[in-house]
Amino acid sequence: MSKALNLIKTNSSNPKVWVLLGVSVAGLLVLAETRRRRRRRAMIIKREDFGAFLERFELLPLPQPPPPAARQPLAGVTFAVKDIFDVKDYVTGFGNPDWQSAHEPAEKTAVAVTALLKNGAKCVGKTVMDELAYGITGENKHYGNPINPNMPSHIAGGSSSGSAVAVAAELVDFALGTDTVGCVRIPASFCGILGFRPSHGAVSTFGVLPNSQSLDTVGCFARDPHILHRVGHVLVQLNAVEPRRTRRLIFADDLFQLSKVPKQKTVYVVSKAIEKLSGYQSPQHKNIGQYVASNVLSLKSFHEQSSNLQIGTTTLKALSSVMLSLQSCEFKTNYEAWVKSVKPRLAPDVLERVLSAINSENENMKTLYKVKTEMRAALQSLLKDDGILVIPTVADPPLKLNSKKGYSTEFHDRTYTLSSVASMSGCCQVTVPLGRHENCPISVSFISYHGGDKFLLDTILDMYSSLQEQVEISSNSVAMQDVNGNMDASELLKEKGNAAFKGKQWNKAVNYYSEAIKLNGTNGTYYCNRAAAYLELGCFQQAEEDCSKAISLDKKNVKAYMRRGTAREALLRNKEANEDFKHALVLEPQNKFAASAERRLRKMIS
C-alpha cells in the first residue's frame, strides 16, 4: 500500500495518473453495486420460489405425434428434477459445490427424465437437495434450505426437499426425487403432498447418481392424484388396463403406536373411507414387528431380544439399523476414493455420516443382503397380490429449521423404523396427506407388494376423494365425553379387571377397566391398571396416555411412572422414558426395576 501511495505522490503532477485512479475507483464501485444487485435479485428469486430451485432452465417436450393420434398423457404438465439427475449440457451437482466443480456437464439426460419429456411434460429446472443425498432434513448449508410452504419455520424433509417444496408451493405440477431411506416419503409427508416410491428396480436409474444401489429408487411428488397416477404409469411403464381385484387393507397397529397423531385422524379415516367403496374387504390388523421377527430370521443376529413385550419394536429397530448399514457400505464403495482425495466441504451432520460410512466395515454384507431378501419374501407372503399395508409415514411432526433436535437419535430411530419396511423389502409405497393435526401436515402410507405399482396407484386414485371427505368429517368431529356413575360399581369393575389381568385375559381386563373409568374418571388407579393391560397387548401409545392421566390425578403414583417409562422405551423415546424411571426412583429409591431401567437407558442415550 505504501508503494502505491509513493507512486501517486511521485506522479501527482501527471493528470493521466488521476484519470486512471478515478476510473479504477469508479470500476470498483460499479462492481460492488453489480454484486449487491445480483445478491438482492437472487434473494428475491429465492423468496419467490421458496428456495426450491438450484437452477432454472427449460427442457421442452419431444415432438408430439400429429392428430388423430392420442394426446400424450403428460402434455401441458411441468416438472422439476432433483440435482441428482443428469440433464444433458448441465453439471449434476449432487447438492454439493465441490462435487459440482469437480465434474463436467452430463453428455446424456437421465432415462427417467427423457421418458417424461417423450410423454409431453416440460422440465423447468433442478432443485435443492441434501448434500450427496445423505440426509432426511432437507437442509443444505451451501444453497440454503427450501422453505416448507405449509410450515415456513420448519424443515421440508429430505433428501428430495427442493422437489417436494416446488410441488407444495405450486411452482410445478410434479417433481422427480430419489428415495433411498425415505427421501421422497418423508418430505411428501412434511409438505402435505403425495409421494410415490416405486418398487425397487421398477424405474431406470441410468443417469442418476447412486447413494446406495440396493435401496435407491426414482420417485415423484404431486398434489393431484390423477397427475401422480399418470406420472407413475410413465415412469414404471405400466399397462393402461388391468383386471380389477378386490383390495385387502392391513393396518400395522404397532407402527401406529409410534405416531403422535390420534388414530381418529388416521386409522379411523381410512377405515371409514373404504366403507363406501366397492371391492374392499373389511380391514385387517397386524403387529408388523412381531410378523417380521417370525419371518425374517436373519435379523436375530442384529439385536438382543430384551423382553417378549418389546420384541416387535426391537426387531423393527434392528431392521432400520441393517438398512442404514447397507446404505453406509454401498456409499463407501461408491465415494470413498472421491471423499479422501477431494476432502469436500460438508455440513457437520453430513460430514459425520459420510465419515461413519467411509470408516464402516463390509464384513456383514452377505447377511445384510440376506435380510433384504427375506424381508421381501415376508412382505410378499403377507400382502400376496391383493393386500395393502397401511402405516404412518412419519412418527413426528416436522422439526424447526436449524434445530439440534433435528439430529436427535430418537427422531431418526422412529423415522427410519417406519421407512425401513418398504426400503428393505423393495416394495412400492405411496404417501397420502390426511389434513392437519396441531397445525402440522399429517399423512399415512400405503404399501403394496414388489411389482404391485399399478395396483397401488390405481387404489390411491380410487380412494383419494373418499379419504379427503373423511378427513373433513374427522376434523369437525366432537370428542366423546366421560360418563360419571356409581363409585361402588366402578370398584367392582376394577376387581373384575384385576382378575382378568391375573388370568392373562388382557383384552377383557381393558374392557373392565374402561367401564370403571366411565363410572369414575377421577381414580388414577383405574388408568394405571388399564395401562398395564395395554402394555401386555403391545398398545404402548394407549398405555402412555393412561399413565399420564394417572399421574395427573396422583403425582406420587410410582407404578404409573414405571409403566409410562416402559411404554415410552417401546416407542423409542428413550430420553422421556429415562425421566420417568428417574421420577420413580425419587419416589421409591429402593426400586430395583426402576434403577436397572434408568441405568440401561442412560447408557443407550450416552
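Please go through the stretch 200-209 and give me each residue that is in a loop (DSSP other than H, G, I, E, B), within 20 Å of residue 99 (Cβ to Cβ) and open to solvent by less than 40 Å² (accessible area, probe 1.4 Å), ordered by number. Show your work before the answer.
If we filter the stretch 200-209 for residues that are in a loop (DSSP other than H, G, I, E, B), which is where we start, we get 200-207, 209.
Narrowing the set further to residues that are within 20 Å of residue 99 (Cβ to Cβ) leaves 205-207, 209.
207, 209 - these are the residues of the stretch 200-209 that are in a loop (DSSP other than H, G, I, E, B), within 20 Å of residue 99 (Cβ to Cβ) and open to solvent by less than 40 Å² (accessible area, probe 1.4 Å).
Residue 379 fails exactly one of the following numbered conditions: (1) closer than 21 Å to residue 457 by Cβ; (2) in contact with a Cys (Cβ under 6 Å, 6 or more places away or on another chain); (3) modelled with pLDDT under 95. What is the number of that condition?
(3)
Residue check, residue 359 against (1) open to solvent by 70 Å² or more (accessible area, probe 1.4 Å); (2) closer than 24 Å to residue 313 by Cβ, all met but one. Which one?
(2)
Please verify whether the stretch 103-122 includes one or more residues that are modelled with pLDDT of 95 or more, closer than 23 Å to residue 329 by Cα, touching a strand residue (DSSP E or B) at 6+ places or on another chain (Cβ under 7 Å) and not in a loop (DSSP other than H, G, I, E, B).
Looking for residues that are modelled with pLDDT of 95 or more, closer than 23 Å to residue 329 by Cα, touching a strand residue (DSSP E or B) at 6+ places or on another chain (Cβ under 7 Å) and not in a loop (DSSP other than H, G, I, E, B), one finds none in the stretch 103-122, hence no.
Among the residues of the stretch 526-537, are any over 29 Å from residue 252 (Cβ atoms), open to solvent by 10 Å² or more (accessible area, probe 1.4 Å) and touching a Phe, Trp or Tyr at 6+ places or on another chain (Cβ under 8 Å)?
no
Using the structure shown, decide if residue 379 is touching a strand residue (DSSP E or B) at 6+ places or on another chain (Cβ under 7 Å) and crowded, with 20+ Cβ neighbours inside 10 Å.
Details: touching a strand residue (DSSP E or B) at 6+ places or on another chain (Cβ under 7 Å): no; crowded, with 20+ Cβ neighbours inside 10 Å: yes.
So residue 379 fails the test.
In the list 373, 367, which residue meets the criterion of being modelled with pLDDT under 95 and open to solvent by 30 Å² or more (accessible area, probe 1.4 Å)?
367
How about the stretch 562-598: which of its residues are aromatic (Phe, Trp, Tyr) and open to solvent by less than 20 Å² (accessible area, probe 1.4 Å)?
Correct list: 581 only.
Consider the stretch 47-62. How many of its residues are touching a strand residue (DSSP E or B) at 6+ places or on another chain (Cβ under 7 Å), in a loop (DSSP other than H, G, I, E, B) and either open to solvent by 100 Å² or more (accessible area, probe 1.4 Å) or over 21 Å from residue 159 (Cβ atoms) (or both)?
2
State which residue is most open to solvent (accessible area, probe 1.4 Å) when the search covers only the stretch 487-511 and only residues that are out of contact with any Leu (no Cβ under 7 Å at 6 or more places or on another chain), among the small types (Gly, Ala, Ser) and assigned to a helix (DSSP H, G or I).
499
I'd like to check something: does the stretch 129-139 contain any residue that is among the acidic types (Asp, Glu), closer than 25 Å to residue 344 by Cβ, outside any loop (DSSP other than H, G, I, E, B) and in contact with a His (Cβ under 8 Å, 6 or more places away or on another chain)? Don't jump to the end; show me each part of the working.
Our first condition is that a residue be among the acidic types (Asp, Glu); within the stretch 129-139, this holds for 130-131, 139.
Next cut, closer than 25 Å to residue 344 by Cβ only: 130-131, 139.
Now restrict to residues that are outside any loop (DSSP other than H, G, I, E, B): 131.
With in contact with a His (Cβ under 8 Å, 6 or more places away or on another chain) added as a condition, the list becomes 131.
Taking every residue of the stretch 129-139 in turn, at least one turns out to be among the acidic types (Asp, Glu), closer than 25 Å to residue 344 by Cβ, outside any loop (DSSP other than H, G, I, E, B) and in contact with a His (Cβ under 8 Å, 6 or more places away or on another chain).
All but one of (1) over 26 Å from residue 139 (Cα atoms); (2) not in a loop (DSSP other than H, G, I, E, B) hold for residue 432; which doesn't?
Residue 432 satisfies every listed condition except (1).
Within the stretch 382-410, take every residue that is in a helix (DSSP H, G or I) and either of a type in the set (Val, Ile, Thr) or open to solvent by less than 10 Å² (accessible area, probe 1.4 Å) (or both) and give me the one that is modelled with the highest pLDDT.
If we take residues in the stretch 382-410 being in a helix (DSSP H, G or I) and either of a type in the set (Val, Ile, Thr) or open to solvent by less than 10 Å² (accessible area, probe 1.4 Å) (or both), then 383 is modelled with the highest pLDDT.
The values are calculated or read from the model by the stated rules, or taken from the named source; none is laboratory data. Every value quoted in this text rests on a predicted model; they were computed, and no experiment measured them. All Cβ positions, glycine included, derive from the backbone under ideal geometry; neighbour counts span all protein chains shown. For accessibility, only protein heavy atoms count, side chains too; no ligands or nucleic acids. Shrake-Rupley method; radii C 1.70, N 1.55, O 1.52, S 1.80 Å.
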